[in-house]
Amino acid sequence: MKEIRHFINGEYVASSTGRVFNDVNPANGEVIARVHEGGQAEIDQAVAAARAAMAGEWGKMPVARRTELLHKVADGINARFDEFLEAECLDTGKPKSLASHIDIPRGAANFKVFADLVKNVPTESFHMDTPDGAGALNYAVRKPRGVIGVISPWNLPLLLMTWKVGPALACGNAVVVKPSEETPHTAALLGEVMNEAGIPKGVYNVVHGFGPDSAGEFLTRHPGVDGITFTGETRTGTAIMKAAAEGIRNVSFELGGKNAAIVFEDADLDKAVEGTMRSAFANCGQVCLGTERVYVHRSLFDEFVARLKAGAEELRMGWWEDAGNNFGPLISEEHRAKVLSYYERAVADGATVVTGGGVPDMPAELGRGAWVQPTIWTGLSEDSAVIREEIFGPCCHIAPFDTEEEAVRLANDTPYGLACAIWTENLTRAHRVAPQIDVGLCWVNSWFLRDLRTPFGGSKQSGIGREGGVHGLEFYAELSNVCIKL
Ligand code: NAD
Ligand code: 6OD
């Protein structure tokens with residue numbers, strides 16, 4: 001059986017306690033690896049290695065050399081594309097067609113994009129008058145924050161981890177990563193690429209384990225960690241923020257969502273249906289930006305529901321390597337139980353089940369996988385838990401609306417504020433409505449169209465701070481002002 005060890009100070013190491021846990025392929029329930037569970041000792045070693053790297057060659061490395069090495073990391077991922085692809089697909093069960101298009105290429109691109117950004121980004125300077133007439137010159141200097149704790153989720157494991165590690169390293173920090181216990185593979189494999197690229201020891205460290213009372217919590221409580229960047233559930237964010245309060249450490253949070261789509265009467269229905277098929281069902285609905293609430297103008301409602309139903313029923317489930325498969329399993333049996341509890345709740349709350357609502361019949365070899373049917377409901381009241389709470393599964397509720405004001409009110413009626421997709425061919429309406437939606441990311445006539453230079457993050461309970469482009473530098477670097485009296 002394959003073993004996945006921690007990557008600390010450039011080497012793969014076993015847990016001092018000898019404790020391991022299973023890495024399970026959610027498509028068939030098979031154990032694919034035993035993963036070493038880190039405790040306080042491994043976190044101490046990883047943080048010490050990262051601090052030593054900051055005090056050594058990495059901390060003194062010129063930006064040009066640092067960014068050259070990060071390009072080599074990106075090239076190294078691409079050179080081993082098929083290994084990363086297989087590792088990611090086995091951990092998550094997601095189709096090859098998705099991971100080869102999104103997860104792995106974006107995992108590599110995250111290193112190049114932030115390396116190039118850091119080479120080119122300016123800082124501000126101000127000349128000021130002084131009473132003696134000679135003046136003074138202020139200029140800002142960006143310094144690495146230090147050791148960054150990176151805690152990442154399982155839905156887009158490599159993409160979301162490198163989305164943090166890329167800018168952290170580009171800014172000159174060292175990192176200790178705690179990947180999700182569900183998806184340890186690609187974070188571990190990246191250690192080999194870091195060594196091959198010549199990244200100094202201790203710059204990139206990975207400690208596997210769980211959250212509470214395990215590697216995740218020990219990392220967030222460690223006084224040698226200068227900042228914590230986290231993507232995951234809002235409830236976990238609350239626990240991490242409490243840990244970060246000790247020592248006043250900075251946080252960057254990308255949290256949950258309960259995202260709306262609004263389909264106006266002037267939408268191009270083909271585009272709206274195709275976009276909502278992706279936003280509701282891509283990655284088996286396990287995308288933080290995904291749509292779980294769809295509001296459709298009453299004049300299009302019946303046709304939209306019928307067309308989304310037809311699309312959902314055409315999704316093809318299967319083994320990640322099968323050509324033509326475009327729908328994988330949920331991440332685990334535990335997550336399936338959560339999603340199915342909402343499927344039951346929807347019925348109990350009086351929903352009409354338009355399609356799905358249960359567990360599909362799968363061939364025997366996939367019978368122990370965490371499969372669920374893509375599901376569409378109508379007819380729920382807006383106060384149902386199915387409408388209020390993040391499910392993180394392949395499902396959405398569709399409700400009709402009559403006026404633009406009503407659609408905006410419904411979309412905003414949530415404690416979350418991550419993303420929204422608006423479908424309209426009326427440019428004036430698009431510009432009028434988009435700024436009224438209380439979210440960090442609003443798409444018009446698209447979804448998950450990503451320009452990595454743009455601010456990414458959520459408002460309300462969906463996050464703190466923005467990553468992406470220069471915006472991430474507020475977290476990954478400290479600005480220090482130098483004032484020179486002339
Ligand atoms: P999760 O919060 O359960 O776990 C995320 C990570 O946090 C894991 O590595 C886990 O081990 C760790 N963790 C859990 N408890 C911890 C603690 N007390 N201290 C330290 N670490 C702890 O989230 P998940 O189930 O892996 O991912 C799904 C969630 O992530 C959804 O809510 C989804 O919306 C959210 N998400 C948000 C974004 C975004 O960009 N806003 C992106 C992807 C996923
Ligand atoms: O594309 C990205 O950079 C990003 N952070 C996507 C997040 C997806 C959430 O599941």
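How many residues are touching an Asp or Glu at 6+ places or on another chain (Cβ under 7 Å) and on the phi < 0 side of the Ramachandran plot if we restrict to the range 450-466?
Result for the range 450-466: 3.
Failed condition for R429, given (1) in contact (Cβ under 8 Å) with a residue 24 or more places away in the chain; (2) touching a Gly at 6+ places or on another chain (Cβ under 8 Å), with all others met?
(2)
Please return the ranges of strands (runs of 3 or more DSSP E) entirely within the range 407-486 where 1 or more residues are among the aliphatic types (A, V, I, L, M), under 25 Å from K271 (Cβ atoms) and within 15 Å of ligand 1 (Cβ to nearest atom).
419-423, 441-444
Inspect all residues belonging to the range 204-220 and state whether any of them is in the same structural domain as E88 (by TED's automatic domain parsing), more than 14 Å from ligand 1 (Cβ to nearest atom) and surrounded by 24 or more Cβ atoms within 10 Å (Cβ to Cβ).
Looking for residues that are in the same structural domain as E88 (by TED's automatic domain parsing), more than 14 Å from ligand 1 (Cβ to nearest atom) and surrounded by 24 or more Cβ atoms within 10 Å (Cβ to Cβ), one finds at least one in the range 204-220, hence yes.
Quick check on the range 163-183. Is at least one of its residues basic (K, R), surrounded by 24 or more Cβ atoms within 10 Å (Cβ to Cβ) and either closer than 21 Å to A41 by Cα or away from ligand 1 (no atom under 16 Å from the Cβ) (or both)?
Checked the range 163-183: at least one residue is basic (K, R), surrounded by 24 or more Cβ atoms within 10 Å (Cβ to Cβ) and either closer than 21 Å to A41 by Cα or away from ligand 1 (no atom under 16 Å from the Cβ) (or both).
Tell me which residues, restricted to the range 115-162, are aliphatic (A, V, I, L, M), part of a loop (DSSP other than H, G, I, E, B) and within 16 Å of ligand 2 (Cβ to nearest atom).
Once the filter is applied, which keeps residues that are aliphatic (A, V, I, L, M), part of a loop (DSSP other than H, G, I, E, B) and within 16 Å of ligand 2 (Cβ to nearest atom), the range 115-162 yields only L156.
Give me the pairs: first residue in the range 308-335 and outside any loop (DSSP other than H, G, I, E, B) and surrounded by fewer than 17 Cβ atoms within 10 Å (Cβ to Cβ), second residue at pLDDT 95 or above and charged (D, E, K, R), beta-carbon distance under 7 Å, and six or more apart or on different chains, which are they?
Matching pairs, first to second residue: none at all.
Can you list the strands (runs of 3 or more DSSP E) found entirely within the range 6-79 that contain at least 3 residues being surrounded by fewer than 23 Cβ atoms within 10 Å (Cβ to Cβ)?
In the range 6-79, 11-13, 20-25, 30-36 are the strands (runs of 3 or more DSSP E) which contain 3 or more residues that are surrounded by fewer than 23 Cβ atoms within 10 Å (Cβ to Cβ).
Do you know which of the residues in the range 360-390 that are assigned to a helix (DSSP H, G or I) and touching a residue at least 24 places away in the same chain (Cβ under 8 Å) is nearest to T234 (Cα to Cα)?
Only one residue tops the list, namely R388.
Could you identify the single residue in V193, V225, V175, V251 that is within 22 Å of H6 (Cα to Cα), in a strand (DSSP E or B) and touching a residue at least 60 places away in the same chain (Cβ under 8 Å)?
It is V175.
Those residues that are more than 19 Å from the chain's Cα centre (by Cα), β-branched (V, I, T) and closer than 23 Å to I102 by Cβ, I need them from the range 397-451; list them, please.
If the condition is that a residue be more than 19 Å from the chain's Cα centre (by Cα), β-branched (V, I, T) and closer than 23 Å to I102 by Cβ, then I422, V444 are the ones that fit.
Pull up the range 268-288, narrow it to residues that are small (G, A, S) and more than 16 Å from ligand 1 (Cβ to nearest atom), then point me to the one that is nearest to C89 (Cα to Cα).
Taking the candidates together, the pick is G275.
Against the conditions (1) within 16 Å of ligand 2 (Cβ to nearest atom); (2) surrounded by 21 or more Cβ atoms within 10 Å (Cβ to Cβ); (3) of a type outside the set (V, I, T), where does L449 fall short? Just the number, please.
Only one criterion is unmet by L449, namely (2).
Report every pair of residues separated by at least 6 positions or lying on different chains whose Cβ atoms are under 9 Å apart, first residue within the range 279-290 and assigned to a helix (DSSP H, G or I), second near ligand 1 (Cβ under 7 Å from one of its atoms) and aromatic (F, W, Y).
G285/F392
Restricting the range 79-114 to residues that are within 13 Å of ligand 2 (Cβ to nearest atom) and among the basic types (K, R), which is nearest to L486 (Cα to Cα)?
Applying the filter and picking the extreme gives R106.
The values are calculated or read from the model by the stated rules, or taken from the named source; none is laboratory data. Treat the numbers as computed from the prediction; the structure is a model and nothing was measured. Cβ coordinates were reconstructed from backbone atoms using ideal geometry, including for glycine residues, and neighbour counts include every protein chain displayed.
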